Amino acid sequence: MPRARKGHAPRKGSRRRGGGVQSSAKADSGSSEDEAASEARSITSECPSLLSTTAEDSLGGDVVDEQGQQEDLEEKLKEYVDCLTDKSAKTRQGALESLRLALASHLVPDFLLERLLTLADALEKCLKKGKGEEQALAAAILGLVCVQLGPGPKGEEVFHSLQPLLVSVLSDSTATPAARLHCASALGLSCYVAATDIQDLVSCLTCLESVFSRSRVGSTVPVVPTSLHGLLCAALQAWALLLTICPSTHISHILDRQLPQLPQLLSSESVNLRIAAGETIALLFELARDLEEDFVYEDMEALCSTLRTLATDSNKYRAKADRRRQRSTFRAVLHYVEGGECEEETVRFGLEVLYMDSWARHRIYAAFKEVLGSGMRHHLQNNELLRDIFGLGPVLVLDAAALKACKIPRFEKHLYNAAAFKARTKARSRVRDKRADLL
C-alpha cells in the first residue's frame, strides 16, 4: 500500500502547541468507551465476562507472569470467538463487545492468524444476519483485526472478503445509523491498512464520498435528519483518512470536485460535522499545497470569513463545551488556510514522543485513536504497523530497571501540577486585571 503521507521528521515552520492532542470530531451517535464497557459487562449470557487481566502498567509493582497472562488472555479470546456463533443475539453481542475491548488493549496477531477463517466467517454472519448494534460491533472488530494483522496477504484477504458487506450495510438506508456509521469507519480504516490495489482505494473513496455528498443535492445548505449526522461525520472522516494515501493524480481531481462543495457542511447543525468538515478542508489545502506550492483558492475570502465566524462563535444556544471545541478547531484551521502553518502537537507515551505537525498526521492519529481508545498507547509502543506509519522506528525493548527509572513518583507529579496551577492562576489574574483597567 502506498504511504505517501507517512510522517517522518517534523515540518519546518510548524509551531508547537501544548495541551495534548486536539480532539477529533466524533460521531454523534457513538457511545463512550466506559459506557460500552459497562453495557458489555451488564449482559447476562453464556459468554464469559471480559478477563480481568487487562493491559496495565507494572512499573514498580510485583513481577507478573507474562506467559501465563498471555495464555489466560488467549483462552478468553477463544471463548469469545466461540460465542460469536451462539443462537442468542444477546450472547453474540456480549462476545463481540468483549472481543472488541480485548483487541483494542492487547496485541495478539498470532492468535488471530490461527483462527482467521473462523473469525472472518463469524463476522460475515454478524454483518449479514445481525441487526443494529451487532452489525456495528462486527464492523468495529474488522477494523481492529486489520490493525492487528497489518499490511500483508492475510490482512488483505480479510479486507477483500468483508468489503462488499461493509459497502452493502453502509449503502442500506434501512440499516440503523449506528451500524452504517461503524461500517463507514471500518471501511476507511481497513482500506488504509490492508488494501494494496489502487482500484480498491478509489472504490472505497467513491463509496464514502457518495454518503456525505448526497446531503448537498439540490441545496446549498445541507438539510439532514439529526439521526444521520453521525453517519455523515464518520463517512467524511474515513474519506479524509484515505486521502492521505491517495496518489497525486487522483488528488487533483478530488480537489476540483470537493473543495468548492465542502464549505456547505460548515453550516450544519451538528458541531461534530462542522468540525469534521473544517479539518477536512484544512487537509485538502495541505494536499493542494503539496502539489502546487503557490496554490490559490478562488473563493478564499468567503471561506475565511466563514471560518473566522466559527472560530469566534459565541452563540449561547450552543453548549459551552461545543463552543470551546469548535473555536479551538477553527482557529487552527483558519490559521493554516490563511498562513499555511500547521500548529504542532505532541503525544507522549512511555519514554517516547510522537510529533504531529500536519493535518494528515492529525487525521491518521485520530482514526486509530477512535478505534483503539485507551489502548492507543499500548499499540504505539508495541504495534509495528503504527510505529511504521508514524516513523517511530523499531519497538523499544527496555528492562525493568529502565522502566522503573522513567516512572515519576506521585509526590513529584503533585508538586508539578500544583506549580502549573499556580502559574496558570497568576497568568489569568494578570489578564483579568488588564481587562478591568480597560473597563
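The values are calculated or read from the model by the stated rules, or taken from the named source; none is laboratory data. For clarity, every value in this text was computed on a predicted model and none was experimentally measured. No Cβ is skipped: glycine too gets one built from the backbone with ideal geometry, and neighbour counts run over all protein chains shown. Only protein heavy atoms, including side chains, enter the accessible area calculation; ligands, DNA and RNA are left aside. Shrake-Rupley method; radii C 1.70, N 1.55, O 1.52, S 1.80 Å.
Going through (1) closer than 30 Å to residue 99 by Cα; (2) among the basic types (Lys, Arg); (3) at pLDDT below 90 one by one, residue 320 falls short only on (1). Among the residues in region 217-226, are any in a helix (DSSP H, G or I), modelled with pLDDT under 95 and touching a helix residue (DSSP H, G or I) at 6+ places or on another chain (Cβ under 7 Å)? No: region 217-226 contains no residue that is in a helix (DSSP H, G or I), modelled with pLDDT under 95 and touching a helix residue (DSSP H, G or I) at 6+ places or on another chain (Cβ under 7 Å). Please verify whether residue 373 is open to solvent by less than 10 Å² (accessible area, probe 1.4 Å), on the phi > 0 side of the Ramachandran plot and touching a residue at least 12 places away in the same chain (Cβ under 8 Å), treating the condition exactly as stated. Yes: the conditions hold for residue 373. Residues in region 110-128 that are within 12 Å of residue 77 (Cβ to Cβ) and within 23 Å of the chain's Cα centre (by Cα): 112 alone. Restricting attention to region 269-281, the residues that are over 17 Å from the mean Cα position of the chain (by Cα) and open to solvent by less than 10 Å² (accessible area, probe 1.4 Å) total 2. Quick check: is even one residue across region 44-65 at pLDDT 90 or above, open to solvent by 70 Å² or more (accessible area, probe 1.4 Å) and either touching a Lys or Arg at 6+ places or on another chain (Cβ under 7 Å) or under 24 Å from residue 146 (Cβ atoms) (or both)? No: zero hits.
Of the residues 238, 234, which is under 22 Å from residue 203 (Cβ atoms), touching a Lys or Arg at 6+ places or on another chain (Cβ under 9 Å) and open to solvent by less than 10 Å² (accessible area, probe 1.4 Å)?
It is 234.
Just one residue in the set 110, 121, 72 is touching a Leu at 6+ places or on another chain (Cβ under 8 Å), among the acidic types (Asp, Glu) and over 23 Å from residue 231 (Cβ atoms); that residue is 72. Evaluating residue 245 against the criteria (1) assigned to a helix (DSSP H, G or I); (2) modelled with pLDDT of 90 or more leaves one unmet condition, (1).
Report, by residue number, each residue of region 82-104 that is of a type in the set (Val, Ile, Thr) and either at pLDDT below 90 or open to solvent by 10 Å² or more (accessible area, probe 1.4 Å) (or both). Matches in region 82-104: 85 only. Take region 157-173 and flag every residue that is open to solvent by 20 Å² or more (accessible area, probe 1.4 Å) and either under 18 Å from residue 241 (Cα atoms) or in contact with a Pro (Cβ under 6 Å, 6 or more places away or on another chain) (or both). Scanning region 157-173 gives 163, 167. Filtering region 322-340 to residues that are more than 21 Å from residue 262 (Cβ to Cβ) and open to solvent by less than 60 Å² (accessible area, probe 1.4 Å) leaves only 323. If the condition is being farther than 18 Å from residue 214 by Cβ and buried (at least 17 other Cβ atoms within 10 Å of the Cβ), then region 243-258 contributes 243, 244, 245, 246, 251, 255. Of all residues in region 326-350, those satisfying the criterion of being touching a helix residue (DSSP H, G or I) at 6+ places or on another chain (Cβ under 9 Å) and of a type in the set (Ser, Thr, Tyr) are 328, 329, 336.
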